[in-house]
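Structure record follows, encoded as structure tokens.
Please treat every number below as a calculation from the coordinates, not as lab data. Every value quoted in this text rests on a predicted model; they were computed, and no experiment measured them. All Cβ positions, even for glycine, are placed from backbone atoms using ideal geometry, and neighbour counts span all protein chains on display.
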Amino acid sequence: MTEPARILADVPTWVLLHVEATARGFRNALSFRRWCRRHGVPIRMDGRKQWVAPRDVDAAIATIPTSAAPAPEEPQASTADPVASGVLDLMHRVRRRR
């Protein structure tokens, strides 16, 4: 058996949602469940247990574009308008405090 085929053979068909959330580095199971629903990953319910297929998660990850969208530029206020420049100064001060 080749190396990639052996790796795929070791992947379980269904995994508990909270276990997969931990393995994928999510903060908690709720955030991972919401991510799965946004990306169309099927979640199997079994009583109180929730299951996901790691292959479905991998397929959803493969559909995410690799290039990030450019950050929106902040609007530049004209320096001739003292009110606009004062408001922008206040906005920047508030952002720096956080």
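Numbers at a glance
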quantity: Relative contact order computed over the range 3-62 (Cα-Cα under 8 Å; 6+ residues apart), in percent; calculated: 37
quantity: Burial order of peptide ranges 14-21, 48-55, 59-66 (average beta-carbon count within 10 Å, highest first); calculated: 14-21, 48-55, 59-66
quantity: Against the rule of thumb 2.2 N^0.38 Å, how large the Cα Rg of the range 3-62 comes out; calculated: 1.10
